[in-house]
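Take a look at the structure set out below.
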Amino acid sequence: MYNDYIPVVVFTALAIGLLAAPLVIQHLVSPRHNKRNDKLMSYECGEVPEGSAWVKFNVRFYIIALVFIIFDVEVVFLFPWAAVYQSFIAQGQGLLVLFEMLMFVIILTVGFAYVWVKGDLDWVKMQLKYAHGRYSKLGVDKK
Amino acid sequence: MTSALDYLIELLAFTGLDHSILVVLAIHIPALAIFLVMVVNATIAVYVERKVAAFMQDRLGPMEVGLFGFKGGRRFWGGIGQTIADAIKLLTKEDIVPDNADKKLMLLAPFIIFIGAFLTFIAVPFSENLVVSDFNVGIFYIIAMSSVGVIGIILAGWSSNNKWSLYGAMRAAAQIVSYEIPIGLTLLLVVIVAGSLNLGDIVQWQADNRWFIIHSPFTFVAFFIYFISVVAETNRTPFDIPEAESELVAGWMTEYSGFKWAIFFLSEYANMLIVSIVASVVFLGGWLSPLAILNIGIPESWMILDGPILGFFWVMLKALFLVFVMMWFRWTFPRLRVDQLMYLCWKVFIPFCLANLFFVSIWELISGTIFR
């Protein structure tokens, strides 16, 4: 009768309306005086903000994002396989289909093991070669 | 089996409008109902959370604001009007946007987070027929839509131009994307067993056989991995590092005020409800009554407990219990460190999930070929 995905479009349009209405109401009823200077400063625990917050960020987050993408794609590819696995078992071809899946997963697991061994899954990856003073004990590579 | 939407379209047919307009009109009704559910859920959940917190810490919690002159005093329904008063207060607060923030993106972020939660509800079944769209890829759709929110979180954190916001957003993004993998892999196990991505088919499978939580040892473990992962996904304690009040002020929400902040709260509690409903539908039998798992000689007349109206009751009972467990967690476990969080996800859950995937496939192969 109707396409299953029409609600997605209607819901999106409606969500924008449903959120815009209270925001407009708020704009109309909220106090508007004295909106300047200190009040519009970034919050930094009462201090004057030190520079911009738009800084270069720790590369660790990008590595997590990269590993995530690989695994997310793995999960996405496994879902169609999972949906038809039972019917293949019923046809007596379960073992073959299982091995096909395992080939795919094992390749990715090897990559996962590589990332693990390289220490990219540790949040604090410190390799201070020439650490000294109070930093000398700071998680230097055990090797 | 006609869905609730078909029924609504037939109901609206008397207007004599064109069919396509009728469909769009009919969709508005469940959409508004779901919005109402989100608002009521957030209102009640915030109140219950404060009362549960108070109970666990041996204090009273909100007890001043009554409703319609109905004051409970020191009893549990003591400040029942508190969250309503809070909502009105948030609506009339002035909206402060910092001078150096990216104002357009800062306005866009709550919309994206809300739409992520709102659109997920399309596929969430409240009962057997009480679902907006019974997608044939229901689970897949829910996983996809519930991860839209992370874009909004990054936008909110970056556009605020505030260090707390940026740290909170980055941590939240890393945490949410990491825990999405265990969630996907545990739901995959259910799909392997049930052989369908449709949530209705999955519950039907559970009606024919048994609930997934007791189907095999591996799905039993999978339920707990799923539940812990969704607690992390919804940024609840003990995984609330992105919002850790004592270190990051309010995480990525630091610069938000007034109703935009309320939208974040609304979406957060809606997400809690969504993941709990999904857990109850996928692992705990959904709209099946718990009597079915007892597997004793149930009189035929008792089977009315599995009816269409009580189905809603069972789904919500299971889901709200899981929401309560999340609130319970908050006052039971101390917050994890960032590295512990990543350790738990990448070095415990994902290897366990991969092993689980392997064992469930073998289990199904053996039970499907040898013990047919």
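The values are calculated or read from the model by the stated rules, or taken from the named source; none is laboratory data. Source: prediction; values computed, not measured. Every residue, glycine among them, receives a Cβ derived from its backbone with ideal geometry; neighbour counts consider all protein chains shown.
A few comments on the model shown:
- Criterion applied to B:ASN209, B:ASN161, B:ASN129 was being farther than 25 Å from A:TYR5 by Cβ, surrounded by fewer than 22 Cβ atoms within 10 Å (Cβ to Cβ), more than 9 Å from every other protein chain (Cβ to nearest Cβ) and at pLDDT below 90, and the one residue passing it is B:ASN209.
Yes/no per residue for (1) polar (S, T, N, Q); (2) assigned to a helix (DSSP H, G or I); (3) modelled with pLDDT of 75 or more:
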site	(1), (2), (3)
B:SER246	yes, yes, no
B:GLU255	no, no, yes
B:ALA262	no, yes, yes
B:SER267	yes, yes, yes
B:ALA270	no, yes, yes
B:TRP287	no, no, yes
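- Applying a threshold of 8 Å to beta carbon distances and a minimum spacing of six or more residues, or different chains, the list of pairs starting in the stretch B:30-51 at a residue that is more than 11 Å from chain A (Cβ to nearest Cβ) and over 24 Å from A:PHE11 (Cα atoms) and ending at one that is among the basic types (Lys, Arg) and crowded, with 17+ Cβ neighbours inside 10 Å reads B:GLU49/B:ARG330.
- Flag for A:PHE71 being in contact (Cβ under 8 Å) with a residue 12 or more places away in the chain and within 7 Å of chain B (Cβ to nearest Cβ): yes
- Scan of the stretch A:34-48 for residues that are within 13 Å of B:SER165 (Cα to Cα) and surrounded by 11 or more Cβ atoms within 10 Å (Cβ to Cβ), ordered by number: A:SER42, A:TYR43, A:GLU44
Results for (1) outside any helix (DSSP H, G or I); (2) modelled with pLDDT under 85; (3) under 30 Å from B:ALA194 (Cβ atoms); (4) in contact with a strand residue (DSSP E or B) (Cβ under 9 Å, 6 or more places away or on another chain), shown as yes or no for each residue.
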site	(1), (2), (3), (4)
A:HIS27	no, yes, no, no
A:ASP38	no, yes, no, no
A:SER42	yes, yes, no, no
A:TRP54	yes, yes, no, no
A:ILE70	no, no, yes, no
A:PHE99	no, no, yes, no
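- Failed item in (1) in a helix (DSSP H, G or I); (2) facing another protein chain (nearest Cβ under 7 Å); (3) closer than 17 Å to B:PHE349 by Cα, with A:TRP123 passing the rest: (1)
- Restricting attention to the stretch B:141-157, the residues that are assigned to a helix (DSSP H, G or I) and surrounded by fewer than 21 Cβ atoms within 10 Å (Cβ to Cβ) add up to 3.
- Selection within the stretch B:330-348: residues that are out of contact with any Phe, Trp or Tyr (no Cβ under 9 Å at 6 or more places or on another chain) and part of a helix (DSSP H, G or I). The member of this set that is surrounded by the fewest Cβ atoms within 10 Å (Cβ to Cβ) is B:VAL348.
- Selection status of A:LEU40, touching an Asp or Glu at 6+ places or on another chain (Cβ under 9 Å) and more than 24 Å from B:TYR141 (Cβ to Cβ): yes
- Unmet criterion (only one of (1) without any contact (Cβ under 8 Å) to a residue 12 or more places away in the chain; (2) away from every other protein chain (no Cβ under 11 Å); (3) in contact with a helix residue (DSSP H, G or I) (Cβ under 6 Å, 6 or more places away or on another chain)) for B:PHE224: (3)
- Residue check, B:PHE212 touching a Pro at 6+ places or on another chain (Cβ under 7 Å) and in contact (Cβ under 8 Å) with a residue 40 or more places away in the chain: no
- Test: residue in the stretch B:93-110 that is within 23 Å of B:GLU268 (Cβ to Cβ) and under 20 Å from the mean Cα position of the chain (by Cα): yes
- Filter result for A:GLU47 (assigned to a loop (DSSP other than H, G, I, E, B) and either in contact with a Cys (Cβ under 7 Å, 6 or more places away or on another chain) or more than 7 Å from chain B (Cβ to nearest Cβ) (or both)): yes
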